[in-house]
Amino acid sequence: MAPVRSVLGEVDSVVVVFHDLTDIRRTERMRRDFIANVSHEFKTPLTSIRGYAETLLSGAKDDPKIAPDFLRTIERNAEHLEALVSDLLTLARLEAEVPATREQVDVKSVIDEQISSRTSAITERDIRVTVACLSIEVQADRSRLSTALSNLIDNAIHYNKAGGEIRISAEMQNGTLNVSVADTGYGIPSEELPRIFERFYRVDKARARESGGTGLGLSIVKHAIESQGGAISVTSRIGAGSTFTIRLPV
Ligand SMILES: Nc1ncnc2c1ncn2[C@@H]1O[C@H](COP(=O)(O)OP(=O)(O)OP(=O)(O)O)[C@@H](O)[C@H]1O
Ligand SMILES: [Mg+2]
């Protein structure tokens with residue numbers, strides 16, 4: 001066979017790899033859907049910011065009865081955009097396929113850190129938090145475990161009832177670290193459970209928007225845990241609450 005010229009120089013033969021076309025089309029469709037979703041998520045707050053800014057400029061800025069309200073709406077929408085960008089960056093970092101690190105992690109300190117940083121939200125909603133965790137040291141990616149717990153605890157606060165409870169427990173079982181975050185909130189309808197880990201999926205759109213949610217939190221949790229070989233699961237009862245469980249081989 002005549003030698004073939006390639007970027008590698010002159011070679012004897014060329015191996016052509018045919019990718020499965022359905023796979024390529026599926027990936028392409030997912031990418032398009034993702035871009036469409038991201039654009040839509042940006043559009044709503046941007047339209048609102050622009051509309052309120054225009055109304056202020058065309059005279060409302062001189063009306064002390066409405067100007068502060070309009071400015072607060074602009075501020076709230078800008079904060080939402082900031083949260084969106086920050087969640088998208090976290091997701092992009094996780095998807096960059098950088099291997100998870102393995103370091104010594106004191107699980108209780110990660111949980112305590114996440115709770116301490118939310119003291120004001122917890123007090124404001126009059127929520128009681130209990131932690132059942134003995135001293136557990138594991139080999140894991142500390143930052144990804146923190147990210148996962150941070151999103152689960154945020155949800156347990158946001159989707160809880162005022163005066164509700166959050167129970168966090170962690171234990172080792174046959175080489176697997178099990179951490180669960182249980183709340184006494186609104187619960188999630190069973191038919192919605194398989195979809196809540198999808199990007200941008202929100203069960204109650206109105207309530208999620210009110211709480212400033214982007215719908216990316218649980219997809220971040222899923223990535224952060226699965227990239228370490230672990231799994232995340234959920235059980236929920238309407239009106240009674242939800243329990244999210246992380247299982248991590250350590
Ligand atoms: N503990 C929970 N109790 C009830 N519903 C929940 C709970 N956790 C998540 N959900 C539902 O699942 C949806 C997706 O959650 P996810 O954390 O991915 O997004 P989010 O909370 O809306 O936004 P954010 O990106 O800020 O976390 C939520 O909008 C909510 O409807
Ligand atoms: Mg969330």
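Please treat every number below as a calculation from the coordinates, not as lab data. Just so we're clear, the structure is a prediction, and the values are computed from it rather than from any experiment. We place every Cβ from the backbone using ideal geometry, glycine too, and count neighbours over all the protein chains shown.
In region 21-95, the inverse of the mean reciprocal separation of distinct Cα atoms equals 14.6 Å; this is its Kirkwood hydrodynamic radius. The mean of 1/r over all distinct Cα pairs in the chain, once inverted, gives the Kirkwood hydrodynamic radius of 21.1 Å.
Put +1 on the Cβ of each Lys and Arg and -1 on the Cβ of each Asp and Glu in region 65-196; which of T184, A83, F70 then has its Cα farthest toward the positive end of the dipole? Farthest towards the positive pole: F70. Could you pull out the pairs from K61/K205; K108/K205; K161/K205 whose alpha carbons sit more than 29 Å apart here? Among K61/K205; K108/K205; K161/K205, the Cα-Cα distance tops 29 Å for K61/K205; K108/K205. Excluding K61 itself, what net charge comes from residues whose Cβ is under 13 Å from its Cβ, given Lys and Arg +1 and Asp and Glu -1? Summing Lys/Arg as +1 and Asp/Glu as -1 gives -3.
In a reduced charge model with +1 at each Lys and Arg Cβ and -1 at each Asp and Glu Cβ, region 21-95 shows a dipole moment near 300 debye about its Cα centre. Contact order for the chain, expressed relative to its length and based on alpha carbon pairs under 8 Å spaced 6+ residues apart, stands at 16 percent. Among S150, S117, S135, the ranking by other beta carbons within 10 Å of each residue's beta carbon, starting with the fewest, stands as S135, S117, S150.
To check you understand DSSP bridge types, tell me what percent of the beta bridges within the chain (both residues inside) are antiparallel, rounded to 5. Here the share of antiparallel DSSP bridges comes out near 85 percent.
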